[in-house]
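Peer 1: Submitted below is the structure of interest, expressed as structure tokens.
The values are calculated or read from the model by the stated rules, or taken from the named source; none is laboratory data. Everything numeric in this text was worked out from a predicted model, so none of it was measured. Using ideal geometry, Cβ is built from the backbone for each residue, glycine included, and neighbour counts are taken over all protein chains shown. All accessible areas refer to the heavy atoms of the entire protein, side chains included, with ligands and DNA or RNA removed. Shrake-Rupley method; radii C 1.70, N 1.55, O 1.52, S 1.80 Å.
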Amino acid sequence: CKRECPTGVDMAKMKLEVQAARARTIGYSVHDKLIAYLPKYAPWAHKLRWLLNLRNSNALLAKLSESISGFAANRKLPTWIAKPFIHESDPQTNKKQVVLLADTFNTWFEPQNLRAARVVLHAMGYQVCIARSPKKQNLCCGRTYLAAGMIDKAKLEAKATIDALLPWAEKGVPIVGLEPSCLLTLRDEYLTLIPGPNTDKVASQALLLEELIVRDADKHALNWELKAPAAKVLLHGHCHQKALGAFTPVQQSLSLIPDMEVQIVESSCCGMAGSFGYAKETADISVKMAELDLLPAVRAADENTLIVADGTSCRHQIKDNSTRNALHVARIFQMALEPVSPKS
């Protein structure tokens, strides 16, 4: 929404304020709380993954959970993975450092993306440091609290994240993330939630993986050999990337892989918009939005064409409504470095 208003009104921040004002009057629903507190309860939910995952394969459970949780019964929820991304930092070396932000979504649902990113960063010559809270947990950007209008809780998470990342930012160490809605929170909402020099410093070092790849390529700092994993990729841009001018680096980074054509899906939002596509009231609207441009383009793509989407919700929209699985850019570069199957 940030770039869609013709008069430049930041509709995303306006929506956030409206949500917060409404919550002060009527409180938060179970649905709101399940979204907001996901990073907190994820380690415990993972222990019950066998039970929670049943919901996707049992129509009765899905319908029952809809009435309780507000998640649409006809929409599959992300699958809890048996082996999430729980890694320590690399051993100390003389290599240049990079901080990897292991966001909640990729940690618990698609850890293969973070593992791929680690492979890619090693190939770029980096020592990978995993960002942790003082309690040795992965940092949370506070995005889920913002999605539910819980501004005060989002500020607490933002402060904790800034405090944890500031020592690296002061040394000029890149802070790299995979999920656009999470990483770009550091460059957008943080500047409003907690304005100040420390926030500015952290924001200045926050990069998506492809932005770091393009930056290092421009400096001629990459000493790797890439081989095209496919003749063509079909690329869908995440709304946060487009709104904050971070989509062009995705195209530029993929163009570094020789003999691979990069085709852009000319579309607006995939329709998921984070939790919007999962809510029982808006799930059908979400699919209709995807059917405007994105899904027809995906279905028309040759089976040998790889579908690329950085956003977690974008990949879920594509998987749920087509026969294709979309891949994160990190997976594409991992495949270009060491041929692997694109199957998740």
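Peer 1: Looking at segment 313-340, I want the residues that are under 19 Å from residue 178 (Cα atoms) and have a partner that is open to solvent by less than 20 Å² (accessible area, probe 1.4 Å) and of a type in the set (S, T, N, Q) with Cβ atoms under 7 Å, at least 6 apart or on another chain. Which pairs are those?
Peer 2: 328/113; 329/253; 330/113; 331/113
Peer 1: I need the full set of residues from segment 206-225 which are assigned to a loop (DSSP other than H, G, I, E, B) and not polar (S, T, N, Q), in order please.
Peer 2: 219, 220, 221, 222, 224, 225
Peer 1: Going through segment 151-168 one residue at a time, which ones are within 12 Å of residue 139 (Cβ to Cβ), touching a residue at least 60 places away in the same chain (Cβ under 8 Å) and among the basic types (Lys, Arg)?
Peer 2: Result: no residue meets the conditions.
Peer 1: Restricting to segment 222-247, count the residues that are at pLDDT 90 or above, farther than 22 Å from residue 320 by Cβ and of a type outside the set (Asp, Glu).
Peer 2: Final tally of qualifying residues: 10.
Peer 1: From the residues in segment 272-285 that are touching a Cys at 6+ places or on another chain (Cβ under 9 Å) and open to solvent by less than 40 Å² (accessible area, probe 1.4 Å), which one is nearest to residue 65 (Cα to Cα)?
Peer 2: 277
Peer 1: Something else now. Which residue pairs have Cβ atoms under 6 Å apart, sit 6 or more places apart or on different chains, and have a first residue in segment 13-28 that is more than 26 Å from residue 244 (Cα to Cα) and a second that is outside any helix (DSSP H, G or I)?
Peer 2: 23/149
Peer 1: Within segment 206-228, is even one residue of a type in the set (A, V, I, L, M), more than 21 Å from residue 97 (Cα to Cα), in contact with a helix residue (DSSP H, G or I) (Cβ under 8 Å, 6 or more places away or on another chain) and open to solvent by less than 70 Å² (accessible area, probe 1.4 Å)?
Peer 2: yes
Peer 1: I need a count of the residues in segment 119-141 that are within 22 Å of residue 43 (Cα to Cα) and either at pLDDT 90 or above or hydrophobic (A, V, I, L, M, F, W, C) (or both).
Peer 2: 6
Peer 1: Take the residues of segment 286-310 that are farther than 21 Å from residue 208 by Cα and in a loop (DSSP other than H, G, I, E, B): which is most open to solvent (accessible area, probe 1.4 Å)?
Peer 2: 303
Peer 1: Right, something else. Considering only residues that are open to solvent by less than 70 Å² (accessible area, probe 1.4 Å) and not in a helix (DSSP H, G or I), look in segment 187-205 and name the one that is modelled with the highest pLDDT.
Peer 2: 196
Peer 1: Let me ask something else. For segment 250-271, which residues satisfy the criterion of being open to solvent by 70 Å² or more (accessible area, probe 1.4 Å) and assigned to a helix (DSSP H, G or I)?
Peer 2: 252
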